[in-house]
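A short worksheet on the structure shown next.
Where a number appears in this text, it was derived from the coordinates with a stated rule and is not lab data. Please read all numbers here as calculations on a predicted model, not as lab measurements. Don't worry about glycine lacking a Cβ; one is built from the backbone with ideal geometry, like all the others, and counts go over all protein chains shown.
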Number of protein chains: 4
Amino acid sequence: MKQKIYDIIFEADTKAGRVFDISLIVLIIFSVTIVMLESLPGKSEAFYSILNILEWIVTVAFLLEYIIRLWVVRHPWRYATSFFGIIDLLAIIPTFLGLVFIGTHMLVVLRALRLLRVFRVLKLTRYINEASHLWKALIASRNKIGVFLFTVIIMVVILGTLMYIIESDDGSGFTSIPISIYWAVVTLTTVGYGDIAPVTALGQTLAGIVMIMGYAIIAVPTGIVTAELTRKQDDETTTQVCPACLAEGHDKDATHCKFCGEKL
Amino acid sequence: MKQKIYDIIFEADTKAGRVFDISLIVLIIFSVTIVMLESLPGKSEAFYSILNILEWIVTVAFLLEYIIRLWVVRHPWRYATSFFGIIDLLAIIPTFLGLVFIGTHMLVVLRALRLLRVFRVLKLTRYINEASHLWKALIASRNKIGVFLFTVIIMVVILGTLMYIIESDDGSGFTSIPISIYWAVVTLTTVGYGDIAPVTALGQTLAGIVMIMGYAIIAVPTGIVTAELTRKQDDETTTQVCPACLAEGHDKDATHCKFCGEKL
Amino acid sequence: MKQKIYDIIFEADTKAGRVFDISLIVLIIFSVTIVMLESLPGKSEAFYSILNILEWIVTVAFLLEYIIRLWVVRHPWRYATSFFGIIDLLAIIPTFLGLVFIGTHMLVVLRALRLLRVFRVLKLTRYINEASHLWKALIASRNKIGVFLFTVIIMVVILGTLMYIIESDDGSGFTSIPISIYWAVVTLTTVGYGDIAPVTALGQTLAGIVMIMGYAIIAVPTGIVTAELTRKQDDETTTQVCPACLAEGHDKDATHCKFCGEKL
Amino acid sequence: MKQKIYDIIFEADTKAGRVFDISLIVLIIFSVTIVMLESLPGKSEAFYSILNILEWIVTVAFLLEYIIRLWVVRHPWRYATSFFGIIDLLAIIPTFLGLVFIGTHMLVVLRALRLLRVFRVLKLTRYINEASHLWKALIASRNKIGVFLFTVIIMVVILGTLMYIIESDDGSGFTSIPISIYWAVVTLTTVGYGDIAPVTALGQTLAGIVMIMGYAIIAVPTGIVTAELTRKQDDETTTQVCPACLAEGHDKDATHCKFCGEKL
């Protein structure tokens, strides 16, 4: 029976397993919707109570599921410390935490992360392949991105301080260096809220330079990721040479020369 | 005579066909302009009446055209359910819908989509090729873009909730989780209206991290599309099928099947 | 003497020619600076008069230069209708136009375009090569960019109208369809002023979708230009095969096989 | 002993050297934090005094370190004029400068630049390689980026003036040409603060065109950097010189000169 439950919960090949996974998706989306409704202002006391009760029901359901998962897997500890095991736990804790710290129960939206698992279980392998493709490209460029981020951080600290020195006396929102660094991030990333904006001529000139820098800088991470994704594609041809006609450029899956038909 | 009308309406090789297509473009642009003028505030009653009448005239013209199209095509149902058939219908309905629901008649701007067809009819094949080239690149990367969008949606839900927990007590516009998710979208896409902006130190720090993340994330779709467009250039595979083993995906310069060595 | 003046004005090989070109750069920047100073609020009457006189002096200088150019070139009409001939004329007209239409004399900033010519004359060929490289990449992708722009325009018209229908009753700035289209452009390009922003739940949801669309769409022109620039690089190898060892991948400038030394 | 101190300060192979470097990182971050705290409004007099004393202690420590560095290196002048030597000096000066000019002591955040050196010393060679890789890509495309920036500057001057002519009478913030140029930069880079935004129909139309132009233009630097990064990968040319004809630019796999056929 333990094996049967395992198949239902962890696999998706049987009909029961599929039904379980779809119920889980529905329950997760339902649960996230509850939290959103709860946050809306101007709701009646009664409505709030219903939402509260529903949240507890969902939480208990997830708690039971978590306990069953722990029970049916062969290595409970390995599951509990795995990526998805931690997410499953994080999906339950906030409701209980909300009893102690007001507002924290809303962190149940972390349940949304569980959707990542369900997609895995549903054998959407095609999507998973693409995701891992993207992930590998990001991993492969993590050094370049690290260097880039480090440089950006040093830049925003220096630029923020410069703007604070220039603008702080003009009541334009640059009230401290941390706030000015926040402005530098907002500007360099081209978000541009406008809650803080320079008003002096010197400040606006520096801001203009920062923006054009940001314009050039935005090219860097894009270039890194694109170069990585393009490189991945090129990896699909081998350097193999046909023994008969010496032609090159054969695909990895080729077993015969595409020019003369000779076996590779 | 039916064939003659068909040639005029559906083809653009004859002089009459060309005149028809150009009139259609003019009429569409005229009709969209009417709706825009109608929406302008501070217009007199008389002017409004004229616009209203003009809109009905154009709508009746389009209705007649639609009926004629249905009449002259060999398979009316196939036309009616085709992409352009649906657009042709959508170009008429809103005016009648406006009799029931106020404001909805402005959806006649959907007529602008008809311009897509006219371009096709005008045999701007060069443009069409480019469009289909771009379209194929987008289709080819739909899995990667799907994974990307799904991840972004989970991210904005979690980030929005975090910001709501942090900022909701400080009267800075984060009045509910849906609104905070809207803020997260505005920020992550680097749009940055500034209608909602964090005011607490913690909120601004998290916002800064979200922005730098958005900076890195914006690289991903660009990288995907670029890699796809670059690949397309290199892509010299044909749709040729090997007569012996039925394998596909042969390069343009291939003369033998790369899997079995059979002559193509 | 006519030839001598020609050499000074149109060429930059002699010392006099170089001095002339540098004076021209200085004069252009000086002239643009005058217009900027003139636009600053709160200047005294006397200062304004000085600026006005200086502008007339510069204009007369440019007028004389234009007349001399016309006089010394072999084909005055061909010069007058060339790209740089038109710019030279545009650099003079606004001051005279300012006598009739108030404010238009500020169009003398079109003089800044003359800097493009001076760079050409200064034989900064390296820069010119790069510029023409970029220009060719843009020209090569003009069809794709045309299709892209056309699609974007249809999209902003439809999205703007939808937002007008949704938001117009809520006093959130969507006062007419043209204004709403302006909002759609501001949002889709991720500029995001925030002067107009949706306030209804439905409007904000649609806005969020528009932003994420804009996020994906921004990838398209970048992908087009990058693919074009990358392609340009690949064009540097030929498909030539070495007659001795059958190796491929030789550079365009190669005269001998890089693997066996055989003449190509 | 001088050699021993040299090893500790300039190298990171010994344990003492490692301890020194880590202390330096901590001290730099501590020092930058002090300046940030100092800029926060609403702090007590006593707290301010403590921060002030701490800053002087750190500055004296950096001063001592700078003197010792000068003393232990073989060529003090070469060190003092090197990139890192100048940064080390810039890290000390602002505190003393602050005695004369109020506010300037905050420039000590330039100390953050020292972190770049520490990373070098910590032998994070992997990161350095990536950084130099990125740097080379940027250097290689400096001409293209130069042309691009020059064009952008001419564009914002002309666009800013046009907007000033259109909008200056409508009290929408376009109070002078320099301010309007600032607006053009804010818009073209898609930052979009919204502190200045067009209000007239003509101004909004022009703004829309500027935005779509910015949309297309943002593709250019990205394309340049990406093409460069992609090329770098393919780039298998060596610095080898042909012994016979002295030609350069041979591919890594080349065994013969591609110009004269001589063996390399």
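Distance from the C-alpha centroid of the range C:29-48 to that of the range A:132-170: 39 Å, rounded to the whole angstrom. A simple rule links phi to the HN-Hα coupling: the Karplus curve 6.51 cos²θ - 1.76 cosθ + 1.60 with θ = phi - 60°, which for the range C:24-38 gives 5, 4, 4, 4, 4, 5, 4, 5, 5, 4, 4, 4, 5, 4, 4 Hz, with x for Gly and Pro. Fully extending the segment from residue C:136 to residue C:47, taken as 0.36 nm per residue of separation minus the present Cα-Cα distance, adds 27.4 nm. Peptide D:166-174 has a mean shielding of 1, counted as Cβ atoms of other protein chains within 10 Å of each residue's Cβ. Sorted shortest first, the separations between the residue A:68 label point and its copies elsewhere in the assembly read 6.5, 6.5, 9.3 nm; each point sits 7 Å from Cα along the Cα-to-Cβ line.
List the trypsin sites (Lys or Arg not before Pro) within the range A:20-114 that fall in a DSSP loop (any state other than H, G, I, E or B) and whose Cβ has at most 14 other Cβ atoms within 10 Å. Sparse-neighbourhood loop trypsin sites (Lys or Arg not before Pro): A:43, A:74. Peptide D:207-217 shows a mean partner chain C-beta count of 6 within 10 Å per residue C-beta. The calculated FRET efficiency for the pair residue D:209 and residue D:151, based on their C-beta separation and a Förster distance of 25 Å, comes to about 0.95.
Sorted shortest first, the distances from the residue B:56 label point to those of the same residue in the other copies are 6.2, 6.2, 8.8 nm; each point sits 7 Å from Cα along Cα-to-Cβ.
Considering only D:58, D:19, D:32, and ranking their Cα positions along the charge dipole of the range D:2-123 that arises from unit charges at the beta-carbon of Lys, Arg, Asp and Glu, the one farthest toward the positive end is D:19.
Across the identical copies, the 7 Å label point of residue A:136, projected outward along Cα→Cβ, sits 2.5, 2.5, 3.5 nm from its counterparts, in ascending order.
The label point for residue B:67 and the one for residue A:30, both projected 7 Å from the Cα toward the Cβ, are 5.1 nm apart. The packing ranking of peptides A:175-181, A:200-206, C:215-221, highest mean first, is C:215-221, A:175-181, A:200-206, where packing means the average number of other beta carbon atoms within 10 angstrom of each residue.
Compute the Cα gyration tensor for the range B:2-123, then decide on rounded, prolate or oblate, letting a ≥ b ≥ c be the square roots of its eigenvalues: rounded whenever a/c is under 1.5, prolate when a/b is larger than b/c in the other cases, and oblate in all that remain. Prolate. Counting Cβ atoms of other protein chains within 10 Å of each Cβ in D:151-161 and taking the mean gives 5.
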